[in-house]
Amino acid sequence: MQMRFYIILLLGLTLVSCNDESKLEEEIAKIEVDFVVERFDKTFLDAEPKDLPKLKEGYPFLFSKHTPDSIWINRLSDTLHNEILEEVNKTFDDFKDTKEELIGLFQHIKYYDKVFSVPRVVTLTNYVQYRDKVIVTDSIALIALDNYLGRDHRFYVDGGIPDYLAKNFNKEQIVVDLADGFGQKYVYQSNRKTLLDEMIYFGKLLYFKDVMIPFKTDAEKIGYSEEQIKWAEVNESPIWSYFIEEELLYSSDSKLSSRFIANAPFSKFYRAFDNESPGKLGQYIGWQIVKAYADITDEDVMAILQKEPGEIFNKSKFKPKK
């Protein structure tokens, strides 16, 4: 009888929580955000040398004063550059779905940061310089669309880009990468010396995505496949045990970042199962710690992003899933 009471109570609390979340999302959806996606890539594809002054006037932040006009004029007729632009135009002929996701992101940021101003959103190409897929400033968000053509696109296959990177070169990841860029502007930590520091830092960024792009799956937020996120969830306890037993949390060994934090084909426990694991498992565990802290304290996301790792870890009372 007592057990039945607890089950009913738990179901009631779950329903209340879901109802509260639904009301919150309805409120956020009413927030107005007004912006146009400026397709510089399309404009440049159709441009002629005589159009260059007008382009420089409209997009001064894209034209370095140290780059002579002759370089840009040559680029207008560059075969490879035009091929990239044409491929982008094919994939992103319709930007409607992506814009809807950007609206969702901006509405959420605006809800939690009342002084947030929606930036100019400009799409362009950058010769698949995937380390700069997006660039976020206080007033501008740049999206290099040639980094989102689909994991099997010949640019990536022929270019020798590893599959663990290329698997996230799809349009569904645009809003995820932008959310990450905005998150970096809000996150603060005085130290990023130990493995725990790094875990919490990236855990904050992932928690920021939980709040700002709740319409994305956990796998998309961290850049995993569904199989990889399931592997991380199933193995959460042994991963945590390894970190504790090997006394890694407070270690400042620089190699730990490449083993457990950096984007990689797999994490490096130096065990037989390494090849089965996804990379970034330190980020994943840090994410769970930050979520545990948020659940216990019920603090505003913006406050959490400013907390020091030690406080978050100690108050989280984190326990991995069994």
Take Asn82 and tell me if it is surrounded by 13 or more Cβ atoms within 10 Å (Cβ to Cβ), polar (S, T, N, Q), more than 30 Å from Met212 (Cβ to Cβ) and not assigned by TED's automatic domain parsing to the domain that holds Lys216. yes
The one condition Ser77 fails out of (1) exposed (fewer than 10 other Cβ atoms within 10 Å of the Cβ); (2) under 29 Å from Lys133 (Cα atoms); (3) modelled with pLDDT under 95 is (1)
Looking at the range 96-140, which of its residues are buried (at least 17 other Cβ atoms within 10 Å of the Cβ), farther than 12 Å from Gly181 by Cβ and touching a Pro at 6+ places or on another chain (Cβ under 8 Å)? His108
If we keep just the residues of the range 278-322 that are hydroxyl-bearing (Ser, Thr, Tyr) and surrounded by 21 or more Cβ atoms within 10 Å (Cβ to Cβ), which is farthest from Leu206 (Cα to Cα)? Tyr293
Selection count, the range 266-287, where residues are closer than 12 Å to Gly223 by Cβ and in a loop (DSSP other than H, G, I, E, B): 3
Could you tell me whether any residue of the range 159-175 is within 13 Å of the chain's Cα centre (by Cα), more than 14 Å from Val301 (Cα to Cα) and of a type in the set (Asp, Glu)? yes
Say whether the condition of being closer than 13 Å to Pro320 by Cβ and under 21 Å from the mean Cα position of the chain (by Cα) is met by at least one residue in the range 214-233. yes
Within the range 134-147, does at least one residue satisfy the condition of being at pLDDT 95 or above, in the same structural domain as His108 (by TED's automatic domain parsing) and within 11 Å of the chain's Cα centre (by Cα)? yes
List every residue pair whose Cβ atoms lie under 6 Å apart, where the two residues are 6 or more positions apart in sequence or sit on different chains, the first residue falls within the range 227-242 and is assigned by TED's automatic domain parsing to the domain that holds Pro265, and the second residue, located anywhere, is outside any helix (DSSP H, G or I) and of a type outside the set (Phe, Trp, Tyr). Gln228/Pro278; Glu236/Pro320; Glu236/Lys321; Ser237/Pro320; Ser237/Lys322; Trp240/Pro320
What are the pairs with Cβ atoms under 6 angstrom where one residue, in the range 125-139, is more than 18 Å from Phe61 (Cβ to Cβ) and the other, located anywhere, is surrounded by 11 or more Cβ atoms within 10 Å (Cβ to Cβ) and of a type in the set (D, E, K, R)? Sequence gap at least six, or different chains. Val128/Asp146
Hey, can you tell me all the residues within the range 234-259 that are part of a loop (DSSP other than H, G, I, E, B) and either exposed (fewer than 12 other Cβ atoms within 10 Å of the Cβ) or out of contact with any helix residue (DSSP H, G or I) (no Cβ under 7 Å at 6 or more places or on another chain) (or both)? Asn235, Glu246, Glu247, Tyr250, Ser252, Asp253, Ser254
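Consider the range 187-197. How many of its residues are touching a Phe, Trp or Tyr at 6+ places or on another chain (Cβ under 8 Å) and not in a loop (DSSP other than H, G, I, E, B)?
Of all residues in the range 187-197, those touching a Phe, Trp or Tyr at 6+ places or on another chain (Cβ under 8 Å) come to 187, 189, 192, 194-196.
Of the ones still in play, those that are also not in a loop (DSSP other than H, G, I, E, B) are 195-196.
Summing the residues that are touching a Phe, Trp or Tyr at 6+ places or on another chain (Cβ under 8 Å) and not in a loop (DSSP other than H, G, I, E, B) in the range 187-197 gives 2.
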Which residues, counting only those in the range 278-306, are hydroxyl-bearing (Ser, Thr, Tyr) and within 20 Å of the chain's Cα centre (by Cα)? Tyr284
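From the list Ser254, Ser258, exactly one residue is over 27 Å from Glu25 (Cβ atoms) and modelled with pLDDT under 95. Which is it? Let's see the steps before the verdict.
On the way: Ser258 fails: modelled with pLDDT under 95.
Answer to the check: Ser254.
Between Ile174, Ile200, which is within 11 Å of Pro309 (Cα to Cα), in contact (Cβ under 8 Å) with a residue 40 or more places away in the chain and buried (at least 22 other Cβ atoms within 10 Å of the Cβ)?
Details: Ile174 fails: within 11 Å of Pro309 (Cα to Cα).
Ile200 is the lone residue from the list that is within 11 Å of Pro309 (Cα to Cα), in contact (Cβ under 8 Å) with a residue 40 or more places away in the chain and buried (at least 22 other Cβ atoms within 10 Å of the Cβ).
The values are calculated or read from the model by the stated rules, or taken from the named source; none is laboratory data. Here the structure is a predicted model, which means the values were calculated and not measured. Cβ sites come from the backbone with ideal geometry, for glycine too, and all protein chains shown count toward neighbours.
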